[in-house]
Amino acid sequence: MDAERASALRQIFVRAIGGVALAALVMGGAAACKQDEGGSGSNDAGAKVCDLKIGFFGALSGADAGLVTPGKQAADMAIKQYNAEHGDCKVSLQEYDSQGKPELSGGLATSAVNDAKVVAMVGPAFSGESETANPTFQQAGLPVISQSATRPSLSEQGWAIFHRGVGNDFSQGPAAATYIKGLNPAKVFVVDDQSAYGAGLADEVKKALGPLVTASDKATDNQQDFSAIVTKVTSSGATALFYGGYTEEASPFLKQLRQANWKGTFVGGDGIYDANMLSVTGNADVEGAVATCPCAPATEAKGTFVADFQKEYNAPPGVYADVAYDVTKIFLEAIGEGKSTRADIQAFLTSYGKPGAATGVTYKWTDKGELDPAQVRVWAYVAKNGQWAPDKEIPKA
Amino acid sequence: MQFNDLINGFPVLTVTGLTQGAIYALVALGYTLVYGVLRLINFAHSDVFMIGTFGAIWTWSAFGFDANSPRPSLGEALGLIALAIVVAALLCGFFAMLVEVTAYRPLRARNAPPLAFLITAIGASFVLSEGMGAFTNRRQFGVPAMLPTDPVVNLGGWSLTPLQISTLVVAVVAMVALDWFVRRTRFGRGIRAVAQDSNTAALMGVNKNRVILLVFLIGGLMAGVAAVMSDMKAASTRFNVGFLIGLKAFAAAVLGGIGNLRGAALGGILLGLVENYGSAVFGTNFRDFIGFLVLILLLMFRPTGLLGESLGRARA
């Protein structure tokens, strides 16, 4: 009897709480919608608009931060240089730390478009988070240039706001295959992490290598134990392995391959071209691993970029720093010319066609937002003594 | 389907599966002990394990070993591993008890409904993993190389590396010691008494809260041992490694019969093997699918798991 009454009471309580929660949800949703309308409104033409923000979207913390932080530093530097010349009308960088996770990107994208001061976005840095965030940016008309999202299909989604500051996997995949062929392997094993980026890249490599690929397997996000794949690789007799994915899984995978005494060459895409791959795997085991990247060595960038970066951060520029610097400068150039709305900057990008100060690449986009293919260069980097050493520019097949 | 991979790699898959299974089993013991005594699934246990993986790395780095260090001599390595096991086990034991004292004991004192325990369990799990995530900046940490990688036993296709041997030996020693402790000691009798009937046990003079604290401590110690072994096997760790391994270990505990110590050990090893064989045949993307499919199929026919629930019924 007592228990029954208690349970009935509990039911009422739960219902009441549920009702309140539902009401809060509905009201919250309505508020969000209202903000949305305000956010996309444009400012008065003619008047000089200051304190605009450029967003920076990507993994600034987490296991893959090593791929994104150098770009953030370079963007900070570009803004600092701009503000030094435009003291009366400054621009700031607003960071959106996605940790590289698509599931966090939707919320971050919404908060970015709701901030009317954010008129342009550098990023999202990865392909997976781009797939989640770009539809929101498209809806709000917020122009983005990604310095490193290389999945080809990103430009096929009808997002007018999407621009890529680098080549896509259609250029990187065949180049990685050309490099692997140059190693004269008898057999090649291909593994990907089933992410938007990793699977896309691995497919391109497989296509270009053809019958050289004797076996393949798939890793999963957050995987720690690679026993089964390692066994397959060692028993397959492959002397080269291509991994499509990021450092987070590539590093333990490579280390477990070495623990099993596999001696072949480990080749990955730009997803493993970061400092964490070296420090987490350890110099001894990472030695000789190869990363391809649709980016020229940032340390060989043009102009004063390398010296400026060194002076600012007391370290050489890391991966994609030069690209992030150039694309931030493009946005700053637009703002400097008085483009103060998202729509104006979008129009500015459409007709852009100048070479970047750091990369020397001419930033001219196709109507889908792809960089002119003639501009894309892919480099191979080899891990040597705990550093990524530029090996060579891979010739176009 | 690639049965060739299974046939060619069978010895290696078996050994690596046993090694991974031993780690699952050690973690599973923590779930099963707490469930046996409190009828509570301690979701925070996976994150206690995660703290252990960091404890080992911190111990090694205190002696100047990081991912870039050269491999120490065998004697030195064994000493460092033993020390890491002690530190990680104590750290895990401490955090496991901390979870009990902060997240569960106050609720028991107020006769909270079971749902409240579930919520605090999940809450404690998030506090630990996200706290560590914020503390370590969500970075990934490499594990220093410890044991030599060349196999020491080589018979036909069967080979064992020093790491695999030490993992299996340590796991077996830990499990046998625990089994003996629960079956043969006065403390063990207390644990079994509370598991059977906590009110009657209390009337017989067993201090219930002390027994429960002891159970959390033992679970934590086992997780700490598993954490060191997992560190060396996986070669890296980060704040969220607990989630997947915790899920697997929990599944292993259910597979063997939750509340049953020997069942947890059996379930862990079985899960490790099935996953490995399944990955070889269907591809590693099916690894978790196969592991959990086996769990569901088995529970359809044996709802109480392989060995049944019996922490309380175990007799000395």
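The values are calculated or read from the model by the stated rules, or taken from the named source; none is laboratory data. Here the structure is a predicted model, which is why all the values come from computation and not from measurement. Every residue, glycine as well, gets a Cβ built from its backbone with ideal geometry; the counts of neighbours run over all protein chains shown. The area values use the complete protein model at the heavy-atom level, side chains included, leaving out ligands, DNA and RNA. Shrake-Rupley method; radii C 1.70, N 1.55, O 1.52, S 1.80 Å.
Going by the structure shown, is residue A:273 open to solvent by 10 Å² or more (accessible area, probe 1.4 Å), more than 14 Å from every other protein chain (Cβ to nearest Cβ) and of a type in the set (Ser, Thr, Tyr)?
When the stated conditions are applied, residue A:273 passes them.
Take the residues of the range A:183-194 that are crowded, with 19+ Cβ neighbours inside 10 Å and within 14 Å of chain B (Cβ to nearest Cβ): which is farthest from residue A:250 (Cα to Cα)?
A:189
Of the conditions (1) open to solvent by less than 50 Å² (accessible area, probe 1.4 Å); (2) among the β-branched types (Val, Ile, Thr); (3) at pLDDT 90 or above, residue A:350 clears all except one; give me its number.
(1)
For the range A:204-211, state whether one or more residues are in the same structural domain as residue A:263 (by TED's automatic domain parsing), assigned to a loop (DSSP other than H, G, I, E, B) and either modelled with pLDDT under 90 or more than 16 Å from the chain's Cα centre (by Cα) (or both).
no
Just to check your reading of the model, which residue among A:335, A:330 is open to solvent by less than 30 Å² (accessible area, probe 1.4 Å), within 23 Å of the chain's Cα centre (by Cα), over 30 Å from residue A:265 (Cβ atoms) and not assigned by TED's automatic domain parsing to the domain that holds residue A:246? Explain how you work it out, then say what you get.
Numbers: A:335 fails: within 23 Å of the chain's Cα centre (by Cα).
The unique qualifying residue is A:330.
Those residues that are under 23 Å from the mean Cα position of the chain (by Cα), open to solvent by 30 Å² or more (accessible area, probe 1.4 Å) and within 14 Å of chain A (Cβ to nearest Cβ), I need them from the range B:113-138; list them, please.
B:119, B:130, B:138
Could you please find all residues in the range A:195-223 being open to solvent by less than 50 Å² (accessible area, probe 1.4 Å), polar (S, T, N, Q) and more than 11 Å from every other protein chain (Cβ to nearest Cβ)?
A:195
Looking only at the range B:165-182, which residues are surrounded by fewer than 19 Cβ atoms within 10 Å (Cβ to Cβ) and touching a Lys or Arg at 6+ places or on another chain (Cβ under 8 Å)?
B:179
Quick check on my filter: what residues within the range B:31-52 are under 26 Å from residue B:277 (Cα atoms) and away from chain A (no Cβ under 14 Å)?
Result: B:31, B:32.
Looking at (1) within 26 Å of residue A:170 (Cβ to Cβ); (2) open to solvent by 10 Å² or more (accessible area, probe 1.4 Å); (3) facing chain B (nearest Cβ under 10 Å), which one does residue A:261 not meet, given that it meets all the others?
Exception for residue A:261: condition (1).
Of the residues A:247, A:234, only one is facing another protein chain (nearest Cβ under 9 Å) and without any contact (Cβ under 8 Å) to a residue 60 or more places away in the chain; which? Talk me through it step by step, then tell me what you get.
Values: A:247 fails: without any contact (Cβ under 8 Å) to a residue 60 or more places away in the chain.
Unique residue meeting the criteria: A:234.
Please specify each residue of the range B:270-311 satisfying the condition of being within 14 Å of chain A (Cβ to nearest Cβ) and either under 14 Å from residue B:249 (Cα atoms) or aromatic (Phe, Trp, Tyr) (or both).
Within the range B:270-311, B:271, B:272, B:273, B:274, B:275, B:277, B:282, B:286, B:288, B:289, B:291, B:292 qualify.
Would you say residue B:234 is closer than 24 Å to residue A:254 by Cα, within 14 Å of chain A (Cβ to nearest Cβ) and touching a helix residue (DSSP H, G or I) at 6+ places or on another chain (Cβ under 7 Å)?
Values: closer than 24 Å to residue A:254 by Cα: yes; within 14 Å of chain A (Cβ to nearest Cβ): yes; touching a helix residue (DSSP H, G or I) at 6+ places or on another chain (Cβ under 7 Å): yes.
Criteria met by residue B:234.
A quick yes/no check of all residues on (1) within 30 Å of residue A:234 (Cβ to Cβ); (2) open to solvent by 20 Å² or more (accessible area, probe 1.4 Å):
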residue	(1), (2)
B:67	yes, no
B:70	yes, yes
B:74	yes, yes
B:106	no, yes
B:146	yes, no
B:154	yes, yes
B:163	yes, yes
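Out of the residues in the range B:239-268 that are surrounded by fewer than 24 Cβ atoms within 10 Å (Cβ to Cβ) and within 14 Å of another protein chain (Cβ to nearest Cβ), state the one that is farthest from residue B:287 (Cα to Cα).
B:240
From A:240, A:284, A:250, A:275, which residue is modelled with pLDDT of 95 or more, hydrophobic (A, V, I, L, M, F, W, C), in the same structural domain as residue A:218 (by TED's automatic domain parsing) and under 25 Å from residue B:71 (Cβ atoms)?
Checking each option against the conditions leaves just A:250.
Return the pair list, or none, for Cβ contacts closer than 7 Å from residues in the range B:110-130 that are without any contact (Cβ under 8 Å) to a residue 24 or more places away in the chain to residues that are part of a helix (DSSP H, G or I) and hydroxyl-bearing (Ser, Thr, Tyr), at least 6 apart or on different chains.
So the pair list comes out as B:120/B:104.
So, residue A:252, is that one more than 14 Å from chain B (Cβ to nearest Cβ) and within 23 Å of residue A:99 (Cα to Cα) or not?
On the way: more than 14 Å from chain B (Cβ to nearest Cβ): no; within 23 Å of residue A:99 (Cα to Cα): yes.
Criteria not met by residue A:252.
Which count do you get for residues in the range B:36-65 that are open to solvent by 50 Å² or more (accessible area, probe 1.4 Å) and hydroxyl-bearing (Ser, Thr, Tyr)?
Total meeting the criteria: 1.
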